[in-house]
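Quick notes on the structure that follows.
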Amino acid sequence: KKLIALFGSSDASTECFGPPMAEMLAAVRERLNGRKDYFVVIKPKGRKGEYLHEILQNDNRISGWLEGPDVLSVHYDETDKEVCGAGWLIDRMTIGIGNAGTVMTEAMVHGRPYIAYYPVFAPTPLTERMKRDGFMHDDIRSFKAALSRAIESPEAVKVPEDWLRQQFDPFDDENALERVVDALFNRSVSDRDDQEQILRNTPDLKAQSLRP
């Protein structure tokens with residue numbers, strides 16, 4: 001089956017971000033009515049995003065559907081251990097939905113269509129381009145129309161990968177995150193190479209790489 005992933009935001013528990021999430025998921029249910037070729041995954045942003053499930057379950061339009069066999073809700077326990085990484089899910093999804101944010105840019109840079117809905121967007125070069133290309137919507141009707149097109153023909157959705165890479169990875173070498181850390185901690189390239197050499201030569205050191 002093809003996969004639609006809803007990514008919760010850091011503030012999914014607030015009155016501001018919760019209702020748009022419910023609106024998007026209600027649109028997904030409406031558009032998938034009678035179809036059996038899609039599976040839906042709902043992923044909050046860690047333990048602090050668990051309120052997202054409560055918001056969705058209190059919405060009569062989708063509460064029963066959430067318990068069905070074609071919907072999976074990801075949950076986090078008190079340890080907040082990651083059980084479904086965003087990058088892992090992006091690699092497997094057909095369409096992503098949610099608020100605009102870092103997950104949206106990560107998905108789009110890797111060629112995965114991500115459609116966002118929120119009543120108000122700050123005017124930035126990114127939001128203006130994404131609105132113009134039909135990926136960001138401040139009207140639920142236009143979101144539904146874009147979602148319908150993506151569900152019917154996901155392969156026909158043209159993601160502006162080249163433009164996004166110019167904005168977020170201009171060196172085009174997959175090292176954008178490493179450069180951010182270098183700038184934050186005043187770390188030189190040689191320092192980074194020395195640290196990576198230590199990690200490779202120390203099997204008992206359980207340090208996490210910046211990138212999976």
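Each value in this text was obtained by applying a stated rule to the coordinates, not by laboratory testing. Bear in mind that the values here come from a model prediction, so they are computed numbers and not experimental data. Heads up, the Cβs are rebuilt from the backbone with ideal geometry, glycines too, and the neighbour counts pull from every protein chain shown.
Couplings for segment 115-122, taken from phi via the Karplus curve 6.51 cos²θ - 1.76 cosθ + 1.60 with θ = phi - 60°, read 10, 10, 10, 7, x, 9, 10, 5 Hz in order; Gly and Pro are left as x.
Along the Cα-to-Cβ line of Glu30, 7 Å from the Cα, sits a label point; which residues in segment 117-142 have backbone N less than 20 Å from it? Answer for this model: 117-120, 134-142.
In a fully extended conformation the segment linking Lys2 and Asp182 would gain 61.0 nm over its present Cα-Cα distance, using 0.36 nm per residue. Peptides 151-160, 113-122 ranked from most to least packed, by the mean per-residue count of other Cβ atoms within 10 Å: 113-122, 151-160. One chain, two ends: His110 and Leu72. Fully extended at 0.36 nm per residue, the span grows by 11.3 nm beyond their Cα-Cα distance. Compactness of segment 23-78 was expressed as the Cα radius of gyration divided by 2.2 N^0.38 Å, which yields 1.13.
Dipole of segment 105-189 computed with +1 at Lys/Arg Cβ and -1 at Asp/Glu Cβ about the Cα centre; of Thr105, Pro154, Phe143, farthest Cα towards the positive end is Phe143.
Taking 0.36 nm per residue of separation and subtracting the current Cα-Cα distance, fully stretching the chain between Arg141 and Asn60 would add 27.2 nm. The residue among Ile4, Leu56, Pro19 whose Cα reaches farthest toward the positive pole of the charge dipole of segment 1-69, with charges on the beta-carbon of Lys, Arg, Asp and Glu, is Ile4. Using every pair of distinct Cα positions in segment 41-195, the Kirkwood expression returns a hydrodynamic radius of 17.8 angstrom. Residue pairs exceeding 26 angstrom between C-alpha atoms, taken from Lys1/Lys131; Lys48/Lys158; Lys2/Lys45; Lys36/Lys131; Lys81/Lys144; Lys1/Lys43: Lys1/Lys131; Lys48/Lys158; Lys36/Lys131; Lys81/Lys144. When each of the peptides 76-86, 96-106, 36-46 is scored by the mean number of other C-beta atoms lying within 10 Å of its residues, the order from highest to lowest reads 96-106, 36-46, 76-86.
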